[in-house]
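Just below is one structure, and these are the notes that go with it.
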Amino acid sequence: MEQNLERQLKDIIARSYRNDDGERQMMEKIFSRLARHQTEFLSELSKRIDLETRAVDWERDFDVIVKLVPRGNSEAMRGLTTIDTGTAFFLDAAYDDITNLCAETYTGIITDRDGERKEFSYRLQRHSRFVRHEKILFDIAALYNIKRPVIYSPYARKAVDIIAPELGKDELKRAAAVEFRNDKLIVDHELAWNLSIASATYNRDPMTGADDKLIRYEYDFRFDSEAKAFVLPNQPCDDVYRLVDEDSKTVVLGFNALLKDREYKTVMFNEVEDLRDAFCNDFPRRNRKLRLRTKGDVENVLACFNETRAGRLFPAAYREAEGGNVIKLYRREDEYFTPDEERFLGAIKRKPLCRIEFAGGQSKFKADYASFVINYMSKNYPEFNWAGVDA
């Protein structure tokens, strides 16, 4: 193909530049290189199309596990890494109660290293450091076209800082002992997940066109799918292709960009044996419903949740009748990450309202689980407005 294309171009150039050897030779050189470039491009494109049609179970390796563990407990941390290394406190309360708890003033006792004790006043202030870390997971899901729910992490949204104006800077950290006198406050714990994240920089030689001018830098990230690793560029890039080589069990992500050096993360999901008190993005069977037409379709999707550990605690069902106590879902700052265009579609009011009824009594985690399920339904079926109600 390449020789035939080059011969045709030479014949065209010869007819067009019969009386100018210099121009003819220059045009032959340019179009010869252009022909080779086009042939190589089409060959590479053909390989990509062929590989993209091969099936790969991206979701198989996307098991997210989050757990609140006692600080310093190495046994409880097996397979887990701390999400945020800063000092944090958590509220042992329902999501609905957090606003009121943060409006109160509390009294504690601090003991310095000399044994002197004194009372101090403090209040609680919410923060979203842990929620912001979750964006890594949503970026991976978007890049790899993962359809299953991404995360179920209540304590990321129940994290607070201690605000104590009477104490000097870092006095709490230097104290020999602190009594907060607050039965809703969880201290000496850390939030951890089963992710191992490593950063690196990939350098690539430039790809040039027929005139030797820079076209782009092309990056191929290869990793072993058996290692449960995902490659995530630090900077977004729209021009992405995904290849799966089943023979070598590797996956290639290609990024065309004008950056010579591209920073990226390698994210690995570790195995965790002890799932007691853990929160997982369980989804035992795939949801194959692209559109919802009947009550049975809704129940079919909800069954994917109800087969999980959390789903058995808070079984969800379609509710036909109006009424019921509406479950207060996450405020915008605590929501799972949603693109602006999806958020806009979700705000349209003139759509049918679908109510999902959650059983399980008045658990402190019901609103968290309802937010998790409603987020999934809203993202995948934006033609409806969704609401959670108590059974």
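The values are calculated or read from the model by the stated rules, or taken from the named source; none is laboratory data. Only a predicted model underlies this, so the values are computations on that prediction, with no experimental measurement involved. Every residue, glycine as well, gets a Cβ built from its backbone with ideal geometry; the counts of neighbours run over all protein chains shown.
Considering ILE98, ILE163, which residue is of a type in the set (A, V, I, L, M) and surrounded by fewer than 18 Cβ atoms within 10 Å (Cβ to Cβ)?
Values: ILE98 fails: surrounded by fewer than 18 Cβ atoms within 10 Å (Cβ to Cβ).
When all the criteria are applied, what remains is ILE163.
Exactly one of (1) in a loop (DSSP other than H, G, I, E, B); (2) in contact with an Asp or Glu (Cβ under 9 Å, 6 or more places away or on another chain) is unmet by ALA321. Its number?
In the conditions (1) in a loop (DSSP other than H, G, I, E, B); (2) in contact with an Asp or Glu (Cβ under 9 Å, 6 or more places away or on another chain), ALA321 misses (2) alone.
Could you say whether any residue in the range 112-119 is at pLDDT below 95 and touching a helix residue (DSSP H, G or I) at 6+ places or on another chain (Cβ under 9 Å)?
Scanning the range 112-119, I find at least one residue that is at pLDDT below 95 and touching a helix residue (DSSP H, G or I) at 6+ places or on another chain (Cβ under 9 Å), so the answer is yes.
Would you check if there is a residue in the range 252-264 being modelled with pLDDT of 90 or more, surrounded by fewer than 18 Cβ atoms within 10 Å (Cβ to Cβ) and over 30 Å from GLY79 (Cβ atoms)? Break it down into steps so the answer makes sense when it comes.
Taking the range 252-264 as the starting set, the residues that turn out to be modelled with pLDDT of 90 or more are none.
Checking the range 252-264: not a single residue is modelled with pLDDT of 90 or more, surrounded by fewer than 18 Cβ atoms within 10 Å (Cβ to Cβ) and over 30 Å from GLY79 (Cβ atoms).
Tell me the residue from SER128, SER121 that is under 29 Å from PRO233 (Cβ atoms) and hydroxyl-bearing (Ser, Thr, Tyr), please. Break it down into steps so the answer makes sense when it comes.
Numbers: SER121 fails: under 29 Å from PRO233 (Cβ atoms).
Among SER128, SER121, only SER128 is under 29 Å from PRO233 (Cβ atoms) and hydroxyl-bearing (Ser, Thr, Tyr).
Show the residue pairs meeting these rules: Cβ distance below 6 Å; 6+ apart or different chains; first residue within the range 284-305 and of a type in the set (A, V, I, L, M); second residue assigned to a loop (DSSP other than H, G, I, E, B).
Here the result reads LEU292/TYR381; VAL298/LEU292; VAL301/ASN287; VAL301/LYS289, each pair linking the range 284-305 to a residue that is assigned to a loop (DSSP other than H, G, I, E, B).
Within the range 341-362, does at least one residue satisfy the condition of being among the acidic types (Asp, Glu), part of a helix (DSSP H, G or I) and surrounded by 15 or more Cβ atoms within 10 Å (Cβ to Cβ)?
Initial filter on the range 341-362 (among the acidic types (Asp, Glu)): 341-342, 357.
Cutting the leftovers down to part of a helix (DSSP H, G or I) gives us 341-342.
Then keep just the ones that are surrounded by 15 or more Cβ atoms within 10 Å (Cβ to Cβ); that gives none.
Scanning the range 341-362 turns up no residue that is among the acidic types (Asp, Glu), part of a helix (DSSP H, G or I) and surrounded by 15 or more Cβ atoms within 10 Å (Cβ to Cβ).
Return the residue satisfying two criteria in turn: it lies in the range 1-34 and is outside any helix (DSSP H, G or I) and at pLDDT below 70, and of such residues it is surrounded by the fewest Cβ atoms within 10 Å (Cβ to Cβ). Show your work before the answer.
If we filter the range 1-34 for residues that are outside any helix (DSSP H, G or I), which is where we start, we get 1, 17-20.
Subset that is at pLDDT below 70: 1, 18-20.
Working: MET1: 10, ARG18: 9, ASN19: 6, ASP20: 11.
Of everything passing the filter in the range 1-34, ASN19 is surrounded by the fewest Cβ atoms within 10 Å (Cβ to Cβ).
Would the range 354-371 turn up any residue that is among the aromatic types (Phe, Trp, Tyr), more than 25 Å from VAL69 (Cβ to Cβ) and in contact with a strand residue (DSSP E or B) (Cβ under 6 Å, 6 or more places away or on another chain)?
yes
Here are some residues: PHE283, PHE279. Which one is closer than 22 Å to ILE151 by Cβ, buried (at least 17 other Cβ atoms within 10 Å of the Cβ) and modelled with pLDDT of 95 or more?
Values: PHE283 fails: modelled with pLDDT of 95 or more.
When all the criteria are applied, what remains is PHE279.
Residues that are over 30 Å from LYS366 (Cβ atoms) and among the β-branched types (Val, Ile, Thr): list the strands (runs of 3 or more DSSP E) wholly contained in the range 79-181 that include at least 3 such residues. If you could, list the steps in order and put the result at the bottom.
Details: elements: 89-91, 106-111, 117-126, 159-163, 177-179.
Passing ranges, in order: 106-111.
Quick one: which strands (runs of 3 or more DSSP E) lie wholly within the range 184-240 and hold at least 2 residues that are at pLDDT 85 or above?
The strands (runs of 3 or more DSSP E) meeting that bar are 189-193, 195-203.
Quick one: which residue in ARG132, ARG157, ARG204, ARG126 is surrounded by 14 or more Cβ atoms within 10 Å (Cβ to Cβ), in the same structural domain as MET77 (by TED's automatic domain parsing), basic (Lys, Arg) and under 30 Å from ARG60 (Cβ atoms)?
Values: ARG132 fails: surrounded by 14 or more Cβ atoms within 10 Å (Cβ to Cβ); ARG204 fails: in the same structural domain as MET77 (by TED's automatic domain parsing); ARG126 fails: under 30 Å from ARG60 (Cβ atoms).
When all the criteria are applied, what remains is ARG157.
For LYS328, only one of the following conditions fails: (1) surrounded by 15 or more Cβ atoms within 10 Å (Cβ to Cβ); (2) closer than 30 Å to VAL69 by Cβ; (3) assigned by TED's automatic domain parsing to the domain that holds ALA367. What is its number?
Failed condition: (1).
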